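> Sharing a structure here in structure tokens format.
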Amino acid sequence: MNLKLFARENGTFGIRNRIAVLSTVACANHVAELIANSCELADAYTHPYGCDQLGPDLVLSFDMLYKMGIHPNVGAVVVVGLGCEEIDAKTLGEKISESGKPVLSLVIQEVGGTTKTKETGATFCKEMAAKLICQPRVDAPFSALTVGLECGGSDYTSGIASNPAIGVACGMIIREGAKAVFGETTELMGAEDILDELCELPETAEFIRNKILKVEQIALDMKVDLRGSQPSPGNIDGGLTTIEEKSLGGICKAGKEPIVDGLEFGQSVTKPGLSFMDTPGNDLAASLGICAGGAQVILFSTGRGTPMGFAAAPMIKITANQHVATVMSENIDVDLTSIIQGQISVEQGGQLLFDHLIRVCQGEEVVAEKLGHREFSLYRISPILT
């Protein structure tokens with residue numbers, strides 16, 4: 001199967017053709033937002049970090065902004081910095097430009113303040129938008145696609161309908177030659193034996209087990225009980241009672257596919273098939289890692305309902321909870337309550353997801369995009385020291 005996608009000079013393909021306005025530091029967030037708001041095709045990638053960061057934490061923030069800049073769904077980039085932070089806007093812009101994308105780097109202290117920087121960035125965005133709108137989609141192999149698998153606001157319907165349907169769709173995606181990736185390490189505790197059986201190689205199983213143990217040890221070192229967040233109060237209200245129950249439902253997103261690789265947070269997904277990535281359970285942080293890995297689209301199940309989108313990739317929202325499908329209908333792309341009602345099978349639900357995924361890859365907007373939900377944040381791994 002071929003898809004019609006946007007070709008990039010570095011050999012990747014995007015399902016969207018947008019402008020990323022990257023803020024290098026919290027002090028530049030407002031200006032980045034002003035620039036993005038001036039152009040319908042632009043998105044502001046803002047966050048509270050970029051200053052007073054050290055070592056691996058600083059490296060991670062730089063790398064994640066870089067990977068957002070070279071993301072396949074991005075056709076042009078504006079980098080906005082203040083001028084005195086650790087993440088240098090010009091250095092970041094130069095590295096992104098090596099991918100062949102048009103990049104404008106702006107330093108507020110050099111350009112001359114908020115208004116001048118906004119106007120300069122807005123002019124560039126309008127020029128780029130005129131070019132991006134005219135760029136045609138081209139034939140691309142299905143193997144050019146990487147799909148993220150995620151869940152948030154889980155309830156009892158997630159594990160018995162939505163996630164198993166994602167698992168079916170995952171198998172269809174992989175059989176067509178694409179890559180898939182899932183994460184949320186904290187939500188795998190108690191499912192280790194199943195993961196062991198799914199892993200192709202023992203070293204991959206060991207990688208996943210070690211990541212789960214690390215999370216558990218961090219909680220012990222902090223003298224906190226993970227049961228305060230896993231399952232969350234919303235999960236409990238939705239009928240989930242234990243970490244293990246939540247994990248067993250979450251792993252259904254993998255279906256019966258073998259896990260071919262274990263990846264660090266934000267590491268590029270390179271192997272055909274299903275990969276695991278070490279990410280937090282937090283929706284924004286997990287989405288960041290998955291998209292930094294190369295995912296152009298995310299299948300996201302939610303039993304309790306969530307409106308969140310992500311700046312770099314369309315997020316297809318799925319529920320099998322009839323109440324959520326009714327009350328939050330404007331936030332749901334695929335309603336799978338018919339699985340719970342016995343009207344369709346899990347396999348048929350997976351086919352519905354696969355068909356919807358194809359339409360989104362070809363340009364159909366997800367509801368989060370229509371509503372302007374393009375959230376973004378970086379993930380910090382060190383405390384604030386200065």
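> What is the magnitude of the charge dipole of the stretch 141-370 about its Cα centre, with +1 placed on the Cβ of each Lys and Arg, -1 on the Cβ of each Asp and Glu, and no other charges, expressed in debye to the nearest 20?
280 debye
> How high is the relative contact order of the chain, given as a whole-number percent (alpha carbon pairs under 8 Å, six or more residues apart)?
20 percent
> Just name one of Ser287, Leu336, Gln351: the one whose Cα is farthest towards the positive end of the charge dipole of the stretch 276-386 (beta-carbon charges, Lys/Arg +1, Asp/Glu -1).
The residue sitting most towards the positive pole is Ser287.
> Relative to the longest principal Cα axis of the chain, at what angle does helix 346-361 sit, 0 to 90 degrees, rounded to 10?
10 degrees
> Based on DSSP H runs of at least 4 residues, each adding -39500 (n - 2.57), what is the mean residue ellipticity at 222 nm of the chain after dividing by all its residues, to the nearest 500 deg cm²/dmol? Could the numbers behind the result be given before it?
Details: 15 runs with 151 residues, N = 386.
Value at 222 nm, helices only: -11500 deg cm²/dmol.
> Next question, about the same structure. With each label point set 7 Å from Cα along the Cα-Cβ vector, what nm distance links Lys214 and Gln135?
Inter-label distance under the simple model: 3.4 nm.
> Among Pro141, Ser154, Gly112, flag the residue with its Cα farthest along the positive direction of the charge dipole of the stretch 107-166, charges on Cβ as +1 for Lys/Arg and -1 for Asp/Glu.
Working it through, the farthest residue towards the positive pole turns out to be Gly112.
> Place a +1 charge on the Cβ of each Lys and Arg in the chain and a -1 charge on the Cβ of each Asp and Glu, then give the dipole magnitude about the Cα centre in debye, rounded to the nearest 20.
Numbers: 30 positive and 48 negative charges, 211 e Å.
Computed about the Cα centre, the dipole is about 1020 debye.
> Would you kindly enumerate the cysteines in the chain that have no other Cys beta-carbon under 4.7 Å from their beta-carbon?
Cys27, Cys51, Cys84, Cys134, Cys151, Cys170, Cys199, Cys252, Cys291, Cys361
> While we're here: Among the DSSP beta bridges whose two residues both lie in the chain, what percent are antiparallel, rounded to the nearest 5? Present the calculation step by step, with values, prior to reporting the outcome.
Working: 6 of 45 bridges.
So the antiparallel bridges amount to about 15 percent of the total.
> Still on this structure: For Glu197 paired with Glu86, estimate the spin-label separation in nm (one decimal), with each label point 7 Å from Cα along the Cα-to-Cβ line.
4.4 nm
> Taking the Cα centroid of the stretch 337-362 and of the stretch 25-96, what is the distance between the two, rounded to the nearest whole Å?
Between the Cα centre of the stretch 337-362 and that of the stretch 25-96, the gap is 37 Å.
> Moving to a separate point now. Between Asp52 and Asn282, what FRET efficiency follows from the Cβ-Cβ distance if R0 is 30 Å, with the result rounded to 0.05?
Details: r = 22 Å, r/R0 = 0.72.
Once the sixth-power term is evaluated, E becomes 0.90.
> Which part of the stretch 43-87 falls in the paramagnetic zone of Glu94, meaning amide N under 19 Å from the point 7 Å along Cα-to-beta-carbon?
Under cut-off, by backbone N: 59, 62-67, 69-70, 77-87.
> Please give the Cα centre distance for the stretch 167-221 versus the stretch 366-383, rounded to the nearest Å.
Here the two parts' Cα centres lie 23 Å apart.
> Another question about this same structure. Nearest 10 degrees, 0 to 90: what angle lies between the long axis of helix 202-221 and the longest principal axis of the chain (Cα atoms)?
Tilt of helix 202-221: around 80 degrees.
> Please compute the length gained on full extension between Met1 and Thr114, using 0.36 nm multiplied by the number of residues separating them and subtracting their Cα-Cα distance.
Length difference between fully extended and current span is 35.9 nm.
Readers should treat all values here as calculations from the given coordinates under stated rules, not as data from a laboratory. Computed from a predicted structure; not experimentally measured. Using ideal geometry, Cβ is built from the backbone for each residue, glycine included, and neighbour counts are taken over all protein chains shown.
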